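Down below is the structure, laid out as structure tokens.
The values are calculated or read from the model by the stated rules, or taken from the named source; none is laboratory data. Remember, it's a predicted structure, so these values are computed and weren't measured experimentally. Here Cβ is always computed from backbone atoms with ideal geometry, including for glycine, and neighbour counts include all displayed protein chains. When the accessible area is computed, the model is the full protein with side chains, heavy atoms only, and any ligands, DNA or RNA have been set aside. Shrake-Rupley method; radii C 1.70, N 1.55, O 1.52, S 1.80 Å.
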Amino acid sequence: MDPVIALYTVLLAVALGLSGFVRGDARRRGRSLLLAAALAGFILVAATSALVNCTTVAGMILTALAVLFAAQAATTAFSLLWREICCAPAARIPQPGTAPITPRNAVSPETSPPGHSSPENATQPNPTEARP
Amino acid sequence: MNVGLQIDLVGWFALIAILTAVHGLSGQKSGHAPWPRGAVGLLVFALILMLSSVLWTSDGSNTLLACIMILLGSSVAPFTARHHSRNKAATSPQGNQDSILSGLALITIGGGVSVALLGLTGWYETDHSFYTWDLRLIAVTSLFIGVWTFAAGLMLWLRLNEYLPKSTPTQTQQRVVIAVLTLALGLGALTVVYPAYANILMGLMVLLALELGALSALGIVITRATCVLGRHLGMIGAAIAMLGYVQASLFLLALGGLIVAGAVHYLRGTVDFYQTNSTD
């Protein structure tokens, strides 16, 4: 493959990904990390392609193990992403009179004390904002 | 490993499906994804489509082995994706977050081993003439990335499950990480330039990569685990792009770029998961 074409393709994909993945608040970024992991599961395609085109016995054993681990990684990533998707609506049903979730309201264990890291706290209505 | 992936016609459709799915999962700024479940289904469809395409266009000699390995790997996944926490209460959000990060660490372990094995295969299936230096470079880089990712994921998994004692990063550790990284990169470059001495040079590089993974996962506070995971997911993306170059597949090149872009955002900052609110 022509290296210039390869470089252009990678640069365009990186630019596209930067513009797409950058959206979302702090809580959505957890989902995006799982999405990146699920996309990394496509290493399974490359590993399978290497296996079916392999000619030597040693190469066949190595690539078969690579397919095994890639399949495990891909399925785990899709399981975690699916669980995250399934859990999302229950945590973000908006109550009447509450403010929508913003990055300012979303907290993480890294930046908040342990007692305040519960996701429920991020969805609690702010009394000052709820009042008219 | 110079196989020539003849799947780019199907790959374009899969890439369109993946981009649509990414849009469906992170499309709106107001905090509500349009159709997340359909997007995940589209991603799974794209993966199955690509796998079917690869298996369909092969000569059929290793197809059965590939199918068995895929099924075996998929059957292990429920054990690695389950929620578990060793010492913390499983219902606490912190324990659940550690459980998700532990699952992500297992993903990086699997991805790292896979990339390392593919790099090793690429090295032994490439002739050592002067004109194949790019394939040798990609094989050595894949091996280095794979071993580093595997070691970092393993150490992170051990730390998240509290098999290792808590450690506090020091300035000396950071300097040692930089020194080991420089040494490993130098050894990798020497391996590409002097393939006659490849065995000993690659052995040393793999040892250094293992040490680098251990140092880079142990020399951080555990709250920065997402940064390490994001970095290594990005490295797996870079490895996918390099494999795309070797296999002449624009699909893998574009996908690798997308993963690198997605992982860039986790080098700094924090993440949070909705799953931390749920229990098994």
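Only one residue in A:Asn105, A:Asn121 is open to solvent by 50 Å² or more (accessible area, probe 1.4 Å), at pLDDT below 90, farther than 30 Å from B:Gly60 by Cα and out of contact with any strand residue (DSSP E or B) (no Cβ under 8 Å at 6 or more places or on another chain). Which one? Residue meeting the stated conditions: A:Asn121. Once the range A:13-40 is narrowed to residues that are modelled with pLDDT of 85 or more and facing chain B (nearest Cβ under 7 Å), the residue that is most open to solvent (accessible area, probe 1.4 Å) is A:Val14. Please tell me if B:Ala189 is within 11 Å of B:Leu218 (Cβ to Cβ), assigned by TED's automatic domain parsing to the domain that holds B:Gly103 and within 23 Å of the chain's Cα centre (by Cα). No.
Each row is one residue, and each column tells you yes or no for (1) open to solvent by 60 Å² or more (accessible area, probe 1.4 Å); (2) at pLDDT below 90; (3) not in a helix (DSSP H, G or I).
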site: B:Val3; (1), (2), (3): no, yes, yes
site: B:Val10; (1), (2), (3): no, yes, no
site: B:Phe13; (1), (2), (3): yes, yes, no
site: B:Leu25; (1), (2), (3): no, yes, no
site: B:Gln28; (1), (2), (3): yes, yes, yes
site: B:Gly31; (1), (2), (3): no, yes, yes
site: B:Leu47; (1), (2), (3): no, no, no
site: B:Ile70; (1), (2), (3): no, no, no
site: B:Ala77; (1), (2), (3): no, yes, no
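Where residues in the range B:235-265 are open to solvent by 10 Å² or more (accessible area, probe 1.4 Å) and farther than 21 Å from B:Asp8 by Cα, which of them is modelled with the highest pLDDT? If we take residues in the range B:235-265 being open to solvent by 10 Å² or more (accessible area, probe 1.4 Å) and farther than 21 Å from B:Asp8 by Cα, then B:Met235 is modelled with the highest pLDDT. Being in a helix (DSSP H, G or I), more than 27 Å from B:Thr223 (Cα to Cα) and open to solvent by 60 Å² or more (accessible area, probe 1.4 Å), is that true of even one residue in the range B:169-180? The answer is no; no qualifying residue exists. Considering the range B:210-225, and only residues there that are within 13 Å of B:Gln173 (Cβ to Cβ) and touching a Ser or Thr at 6+ places or on another chain (Cβ under 8 Å), the residue that is surrounded by the fewest Cβ atoms within 10 Å (Cβ to Cβ) turns out to be B:Val221. B:Tyr131 fulfils the conditions (1) outside any loop (DSSP other than H, G, I, E, B); (2) within 23 Å of B:Arg159 (Cβ to Cβ); (3) at pLDDT below 90 except for a single criterion, (2). Scanning the range A:41-57 for residues that are under 19 Å from B:Asp59 (Cβ atoms), among the aliphatic types (A, V, I, L, M) and either within 7 Å of chain B (Cβ to nearest Cβ) or touching a strand residue (DSSP E or B) at 6+ places or on another chain (Cβ under 9 Å) (or both) returns A:Val45, A:Ala46, A:Ala47, A:Ala50, A:Leu51, A:Val52.
Being hydroxyl-bearing (Ser, Thr, Tyr), more than 9 Å from every other protein chain (Cβ to nearest Cβ) and free of Cβ contacts under 8 Å to residues at least 12 places away in the same chain is the filter here; which residues of the range B:98-137 pass it? Once the filter is applied, which keeps residues that are hydroxyl-bearing (Ser, Thr, Tyr), more than 9 Å from every other protein chain (Cβ to nearest Cβ) and free of Cβ contacts under 8 Å to residues at least 12 places away in the same chain, the range B:98-137 yields B:Ser129, B:Tyr131, B:Thr132. Whether a residue is in contact (Cβ under 8 Å) with a residue 40 or more places away in the chain and hydrophobic (A, V, I, L, M, F, W, C) was assessed, and B:Leu181 does not pass this test.
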